[in-house]
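Everything below concerns the one structure shown next.
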Amino acid sequence: MKQPRTKTALTLPTLMLLLVQCFSTYANTLDTSGNRDQVLNQNREGGNGSSTHCSGTLSERFALAEDKEVIKSEVTPSRSEMVLIPGGTYLMGSDSHHARPDESPIHEVTVSSFWMDKTEVTNSQFRQFVEETGYVTTAERQPNWEDIKKQLPPGTPRPPDDVMVPSSLVFFPSGQPVSLSNPANWWRWVPGANWRHPEGPDSDIEGRENHPVVHVSWDDAQAFARWAGKRLPTEAEWEWAARGGLENNMFPWGNEGVDTGQHKANIWQGRFPDNNTKEDSFYRTAPVKSFPSNGYGLYDMAGNVWEWTADWYHSEYYSQAKRQGHITNPTGPEKSHDPQEPRVPKRVLRGGSFLCHETYCESYRVSARMKSSPDSGHAHVGFRLVKDED
């Protein structure tokens with residue numbers, strides 16, 4: 001029997017609040033959930049990791065000092081692994097009972113033709129970028145408290161030094177049925193986790209060269225895009241491409257249920273978040289092109305990893321767009337606003353990930369939206385790029 005679908009949006013509360021809660025003995029604060037054992041969870045079951053896994057509500061990555069380094073393209077952009085997406089007009093968003101509030105109202109949008117990567121950027125491609133530029137990702141850098149606290153409520157105490165280390169968030173199964181309202185049950189803050197070590201310092205990407213790169217922030221994706229001579233897609237471009245030439249479809253392949261017929265995407269099967277039956281053969285990320293492409297020849301526009309877009313997130317943007325009438329090549333709102341975390345500016349992500357399940361988020365729908373701060377990276381976040389037609 002299916003569990004009732006939660007209608008709460010996936011939110012990413014600020015990391016430092018999580019860490020203050022996790023290490024409340026240092027900060028003399030209390031866990032807002034009232035469950036200290038849950039927040040101080042250091043259970044290492046479920047995969048590779050490092051010494052301390054601090055769980056809490058699914059968190060933001062931290063703000064870093066402004067990166068003065070400008071990485072310029074040293075390569076001629078290749079279109080060999082891109083497809084030309086024809087321009088067109090469509091109804092963006094959804095008003096179905098599956099949709100979250102920020103997916104509506106539906107509004108008419110026109111996008112011009114553009115080139116898009118067939119797949120998400122892989123570990124192999126990202127490694128080439130790093131080797132040629134020496135780039136260091138957000139997850140590999142030391143946090144800067146002075147910048148972090150700007151996103152936090154006044155008076156938030158500083159976490160201890162041994163927490164303020166290069167780290168990222170890693171998924172670990174809960175081991176038993178848990179409430180789906182608290183992502184603390186399956187996310188852990190793992191020192192040493194980054195794109196080279198997806199599950200922590202004891203893991204690596206050997207044999208996963210053709211998997212999508214993860215633990216990359218929006219800032220990291222932007223740096224790669226500049227080097228590659230491409231750019232991140234706008235949210236409108238992404239959804240238009242994901243629809244694959246179909247009209248009013250729920251998924252990139254149409255409206256057939258994700259579990260009907262052949263496997264269509266790398267998502268969670270079984271009971272989330274404690275029992276993945278791996279009916280699609282994958283527990284975490286899958287190699288790109290493991291599942292059929294959509295009508296435009298794009299792979300993994302549903303599941304596998306969330307994909308960054310260029311747009312700021314604003315909870316009322318679709319309502320604003322509807323009032324403007326027909327829009328051509330929209331680039332999103334001028335500024336970000338998330339009422340759940342008004343201090344934290346956020347960008348939009350699309351596509352869902354290997355963790356999506358209909359009882360929790362069902363975000364492999366083409367209209368589904370997610371948001372996170374630009375300096376945030378997780379074990380299920382990656383990206384793909386686009387290029388103007390001319």
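None of the figures in this text is laboratory data; all of them are computed from the coordinates on show. These numbers were taken from a predicted model, which means no experiment stands behind them. Neighbour counts are summed over all protein chains in view; Cβ atoms, including those assigned to glycine, are modelled from backbone coordinates with ideal geometry.
Whole-Hz Karplus ³J(HN,Hα) for the stretch 178-191, in order, using 6.51 cos²θ - 1.76 cosθ + 1.60 and θ = phi - 60°, x for Gly and Pro?
Using θ = phi - 60°, the values come out as 9, 5, 7, 8, 10, x, 4, 6, 9, 10, 9, 8, 10, x Hz.
Using Cα pairs closer than 8 Å and at least 6 residues apart in sequence, work out the relative contact order for the stretch 317-390, in percent.
Relative contact order comes out at 23 percent.
Using the count of nearby Cβ atoms within 10 Å as a rough guide to exposure, how do Ser363, Ser181, Ser290, Ser80 rank from fewest to most?
With the sparsest Cβ surroundings first, the list reads Ser80, Ser181, Ser290, Ser363.
Calculate one ³J(HN,Hα) per residue across the stretch 217-233 by plugging θ = phi - 60° into the Karplus curve 6.51 cos²θ - 1.76 cosθ + 1.60, and present them in order as whole Hz with x for glycine and proline.
Karplus-based 3J(HN,Hα) across the stretch 217-233 equals 7, 4, 4, 5, 4, 5, 4, 4, 4, 4, 5, 7, x, 10, 8, 6, x Hz.
Name the shape class, rounded, prolate or oblate, that the alpha-carbon gyration tensor gives for the stretch 117-177, where a ≥ b ≥ c are the square roots of its eigenvalues, rounded holds for a/c under 1.5, and otherwise prolate holds if a/b is larger than b/c and oblate otherwise.
Working: a/c = 2.45, a/b = 1.41, b/c = 1.74.
Oblate is the answer for the stretch 117-177, as a/c is 1.5 or above yet b/c matches or exceeds a/b.
Let me have the relative contact order for the stretch 89-218, percent, based on Cα pairs under 8 Å that are six or more residues apart.
Value for the stretch 89-218: 24 percent.
Pulled fully out, how much extra length does the chain show between Asp259 and His337, if you take 0.36 nm times their separation in residues and subtract their Cα-Cα distance?
Stretched out fully, the Asp259 to His337 stretch lengthens by 24.6 nm.
Of the peptides 252-262, 210-220, how do they stack up when ordered by the mean number of other Cβ atoms within 10 Å, highest first?
210-220, 252-262
Mind jotting down the distance between the C-alpha centroids of the stretch 152-199 and the stretch 243-277, whole Å?
28 Å
So how far, in whole Å, is the C-alpha centre of the stretch 348-372 from the one of the stretch 74-123?
Value for the Cα centre distance between the two parts: 15 Å.
Ranking Glu120, Glu146, Glu140 by Cβ neighbours within 10 Å, fewest first, what do you get?
The fewest-first ordering by Cβ neighbours comes to Glu146, Glu140, Glu120.
Determine ³J(HN,Hα), in whole Hz, for all residues of the stretch 235-242 in sequence, where each value follows from phi through the Karplus function 6.51 cos²θ - 1.76 cosθ + 1.60 and θ = phi - 60°; x replaces Gly and Pro.
Result, rounded to whole Hz: 4, 5, 4, 4, 5, 4, 5, 5.
Can you report the principal axis dimensions of the stretch 212-309 using only the alpha carbons, biggest first, rounded to whole angstrom?
Computed over the Cα atoms, the extents are 39, 33, 19 Å.
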